[in-house]
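Written below as structure tokens is the structure these notes are about.
Taken together, the values in this text are just the output of simple stated rules run on the coordinates, not laboratory data. All figures in this text were calculated on a predicted structure; none of them were measured in a lab. All Cβ positions, even for glycine, are placed from backbone atoms using ideal geometry, and neighbour counts span all protein chains on display.
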Amino acid sequence: MSQVHRQAGTSHKFWSSSSPSSPVLLQPMHQPRKKAPESTNAAAPFASSLKLLLLHLICALGLASAFWVAFNYYSVTLIQNSARTLLVVWAIEASVVILVYSLLRRNPDQCSVIPVFCHWQRLSYCVIFKFPCDNCLFIFFFCLLFQYVKAIVRGLLGLLAGAFVNALGAIVLGAPVGIQHFTKTIHWSLLMSVFTFVPAASVFGSSWTDWHRIFAQTKPLGSTDFMICFPAHSAVIGAWFGAWPMPLDWERPWQEWPICVTYGAIFGYLLGLVVSFGFVIYHNRRQHGKGD
Amino acid sequence: MRKRTNNYYSLTCSKLALFTVLAVVIQIIGLSLFIVGFFPVKPTLSGMSGLESFYPPAFDSSDLAQNTSALPPEMLKSLYQELSGVPPLFDRLILMVVDGLPAEFVLGKDGKPPPEVFKEAMPYTQSLLAKGLAIGYHAKAAPPTVTMPRLKAMVSGAVGGFLDVATNFNTQAFLDDNLIAQFLRIGWKMVMLGDETWLKLFPDMFARHDGVSSFFVKDTIQVDYNVSRHLTTELSSTDWDLLILHYLGLDHVGHIGGRNSDLMGPKLMEMDEVIKRIHSSVMQTQGTNERGTLLMVVSDHGMTQGGNHGGSSYEETDSLALFVSTQEFSDSESTKEAYQVDMASTLALLFGVPIPKNNIGTVMVDVFTSLKDEQQLRILELNSWQLLRLLQTHLNELGCGRFSCKSAREQNDGPERLCCSYLDATALHESWKSKRSLRSVDGGDYRSTVLAYLEFLGTTSKWLSSRSTDKPIGLLVSGIAAMLLSCFGLMSLTFLFTREVNYKGSQDISHTDNNIRKWHLEENFILAVIFILILSMGSSSMIEEEQYIWHYMTSSLYLILLRKTIQSMKNGSTLTVTAEQRKMRSHYIYSIVAVLVSGRILRGWHQGGVNWSYLPDTAKLLEQAGTAHIKSLQLLSVVLVITICLAVLLTLGLRRHVSMFLVLVYLFPALLILKQILTLQDSTFGSPSIGSTTMIQIVYALLGTSTVGILLGTPWLMPLQNPKTLSSEVSCESPIKLPLDGFGDSLYVIGWGYMFSWCLLQILLQQPINSMPVSLLLLQIVASIRYFSGGNRHHKQWVKVAALYCVGMAGHFGLGNTNTLATIDVAGAFIGISSHSTIISGILMFIITYASPMLALLSMLMGVSADDVRAVSNSQDVDFGHLLKTTLGYPCLVPLGLNSILLLAYSIALLAMRNHLFIWSVFSPKFLYVFATTICVYIGVSSVALTATYTCIVFARRSTVKGSCRGRSTER
């Protein structure tokens, strides 16, 4: 209990950067906040460096292999046939990202043997799926699988929602809206959604606090947050910079929408992966040092 | 406490205003210095040279000039011949212009013959040169090496300044003295086939013409076929004296594939074929004519290795002047260098017409070698007289002969030296003439006379041309230094003001100090935008496509603001947020979305720019769809503008009858405009009838009077306290308190009046296709103001002003403006004008072009009023000066500061790029726009400042009157 208090005390400094002056106002605002850091810290401890390196590598390699597949099996390149290449790339990268990030999912009710046993025996899952009710271990695994699948579904929903938001953003910033650009825009925004929305959707689901923390305030806590926040932001910034050569009169084929924007986004994404890995290692070191 | 505050507030209202005005004055001085330095205005002689050009410059020639215009053409022609004493060498001229042909292709470079490929492609021309029937010159062209200025230089012998383009925007016709006009005067019949630039320059001067457009650059065949197809008939007919053939194909070949394009050989062969046809036909008709026909093959400019032109490199300026006749020229072997402007005087003397008045070229003596010695000297003398006349207009006091040339010879520069060499040459000429019998056999005297004349002609020509093209670097640098000083001054004023506001803010509103001190993302972004804009000024393609930058940056800024709004919604889950606050937040989000969406529509309305302007956009689609759609959109936008303005007025919460009155004031002009649109529906292309002109004038008058009426009346009539806030605020019963609400509300109403009348005026003036963008722009600005006002205290005020400025600039390009002079709506500048007036149509053109930045600047009155005035109300020790300063500080300083940074950066870029390829085609027009934007900012800021000052003074007087009344009543 005292640990909880201390945590709340340390987090107070972190949260109250814009604290209102009146203490009366301060009081109710503290109530929900006490819980938030606790839950995040409990749910997302800094994972081991090796595991994180593996996760980062999988994401990066997924992207590389997607281009490889597109070039070798479908023999399309981004410059010649941007829509189809983007389709292949986002499909492969989406499956990789969803599968990887669903492992990092954060569920309010974690599966553990004893509570699940007590909790689930009363429920009708066993009845529906005709499982033997006394097999606790099986139910535990089933619960894990169920939540994993749930995270995947969330990721898929996030893919669609993110594509919508990204497409809107791109069009507002001046992406062409003609019919001939329609499929390109869709595939591009699906890829952007894989970079930005899908990881967050897989991990957080529809938790407004977490989304708000990552995307509106950019205050990542813990290794998972880093892994979501940095690649997403740098992919967006990379795409923003990638649009710069488009109006120039160099008459290069890659100046077409969305080729150079995609290049920028991919470059930013990879850079974000590196940065997030670096940050995670740095934090691990520091925490390690603190622990000593 | 109070004392300390006063010390700290050293920047009083009057000081701030004084320093700002000082900085602006310095900026104006610097800008005018820069303009004078960069666009030199050379003195030109008006009128045409006539009979007086055959007399020495000292000769009183006023009656001769009158005589010249009175004489019939035939008599004039014979009089010219008689006076000049030189018989014309030819009597017909075929001027064949091969656009973009470098002289190197025909004559070779540095004494070497041209490359084999080109030599083989032009066998006939090369044989002519070898036989001595042709004489070729490398005629160095002056930048800008583009067709129209070069044609002007060829026919007038003068190098025009850049501002020539800007000054005669409404006519392209060439009004200076030139060869074509001289030929017309002696009754020549002229035929023009080829580039229609000639027809634009010389309307109604050609008896027959077939103009081709240089618009379709990809076409290299048809464009030349259209010229050559007339050759057979024209060559056989004898009625013309001047035949101009302007072939564009070679230039197009260069633009497609560069100098070494595969098409170049065949194209040269085709040109060679044309020369062959003409020359052989001339040879055949030789017997029938007395003197013969001169074929002159010239090019207006060269081309770079890549086939472009416009700049001042050797490849581009190396143009050709090739004289082809049926007689042999002596000494046609050696490589000859000349200037393109020399053609005018040479042709004039060859055909016995006066040299055009502003000619700075010298005669090409090698063409005249078939003449007798005294005739050749006479030609040099005539050219010298003409140049001396021009020299005398540059240097009024130059009398030539008042001083001793002995002493002046030592000092090696200056016009005195030119004068001396003239005197030398005339003296030698006189002595040569006098000892006619004693002339030495070897012609030593003659040669020294010629050399003396050539020396005078060469140095004078060089001096005159440097006068018109040289940019005095000292003037430019001092102009930039002044602008730098003023920019620095404005920046430091802004900085001081910000520091003061921050200090005050941290004092008064202690609980949000973190918010005010912290440097937010959007503020960093605005600084980054300025940096990016400065960087983009160095690249010609970024200048051409500037509309993308402004739209991209403005949209990004508003997306960042959207993120910030969402950021503040974190507290949405907590209990402190009332339903009203939540509603406000959703309002903010809607406002930003409205700005973003209408910004995107505006971006898609006109494609704009230079490189992608052919891509489809909304305006083109609508124009294809027909006028009915455009009309309905126009009506819709009028309705939209009225609706927006009503909504804006109603949100203020004035008393109902006041609102009603204000609406009624503007309803009448709005209805008139609606009627105008409906009646114009049928006769879009017809000439404006007198009735509609009167009606438009009535609309102008109504809008003007109602705006001025609102400006003058509102501060007097506005209640001191707003009825809406009166009940809610507790502190308003304090007697000393300023009438802040009344002040704010009247500024709001005046700003509303400005915006409404400005938009109605724009709908009337802009092209019908642009009326929808005007209403979208109004929507954007109203939404922005709504987002930034109303207790949205997370933003610093300067962010608001900068965002409005950005919206204004993005909208400027959204209305179809570009950085080329071509998109200026000249037709709109004559709406509602009954008689031609350059000043009024210039003002109208300015109003049309700067619709959007001006609207943004005027809207600052409305944006300023709501929250900032309330911010003042918290502090205790306020007077009217302080109120005015807080209200006006940012709306004046931020646009002036931003504009001064951009102006300074662009002037420096222009100075650095002064030898760039695109200096005349891209950079200089953009500078004119930057200049006009500066004027626009001055006008907008000063109108905002004057309005607010006036309102403040009125309220100060009213409150003293009221205070004294109250004081009297309490005494009783």
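In order along segment B:144-157, the phi-based Karplus estimate (6.51 cos²θ - 1.76 cosθ + 1.60, θ = phi - 60°) of 3J(HN,Hα) comes to x, 7, 10, 4, 4, x, 6, 4, 4, 4, 5, 8, 10, x Hz; Gly and Pro are listed as x. Remark: segment B:75-80, residue by residue, has Karplus-estimated 3J(HN,Hα) of 5, 4, 4, 5, 5, 4 Hz, where x stands for each Gly or Pro and the curve is 6.51 cos²θ - 1.76 cosθ + 1.60 at θ = phi - 60°.
Full extension of the chain between B:S69 and B:Q697 yields a length gain of 222.0 nm, computed as 0.36 nm times the residue separation minus the alpha carbon distance. Fewest-first ordering of B:I763, B:I839 by other beta carbons within 10 Å of each residue's beta carbon gives B:I839, B:I763.
Put simply, the amide H of B:H246, placed in the peptide plane, has neighbours under 5 Å in B:V97, B:L193, B:G194, B:D195, leaving out anything fewer than 5 places away on its chain. Evaluated at q = 0.09, 0.10, 0.13 Å⁻¹, a Debye calculation over the C-alpha positions of segment B:71-371 (equal weights, vacuum) places log10 I(q)/I(0) at -0.39, -0.49, -0.88. By the count of neighbouring beta-carbon atoms within 10 Å, fewest first, B:F183, B:F105 end up ordered B:F183, B:F105.
Averaging the sequence gap over all C-alpha pairs within less than 8 Å and six or more residues apart, then dividing by the number of residues, gives segment B:60-159 a relative contact order of 15 percent. Under 5 Å from the amide H of B:L320 lie the amide H atoms of B:A103, B:A139, B:S299, each residue being 5 or more positions distant or on a separate chain, with H modelled from the backbone and absent for Pro and chain starts.
Taken one residue at a time, the phi angles of segment B:888-897 give Karplus couplings (6.51, -1.76, 1.60, θ = phi - 60°) of 9, x, 5, x, 8, 6, 5, x, 4, x Hz. Gly and Pro are set to x. Centre-to-centre, using Cα atoms only, segment B:121-139 and segment B:579-609 are separated by 67 Å.
If R0 equals 35 Å, the separation of the Cβ atoms of B:L678 and B:L717 corresponds to a calculated FRET efficiency of about 0.50. The value of relative contact order for segment B:71-371, using C-alpha pairs under 8 Å at least six residues apart, is 35 percent. Per residue of B:533-541, other chain Cβ atoms within 10 Å of the residue Cβ number 1 on average. Between segment A:221-289 and segment B:191-251, the alpha-carbon centres lie 58 Å apart.
With N the number of residues in segment B:91-164, Rg(Cα) / (2.2 N^0.38 Å) evaluates to 1.30. Under 5 Å from the amide H of B:L294 lie the amide H atoms of B:D91, B:R92, B:L93, B:I94, each residue being 5 or more positions distant or on a separate chain, with H modelled from the backbone and absent for Pro and chain starts.
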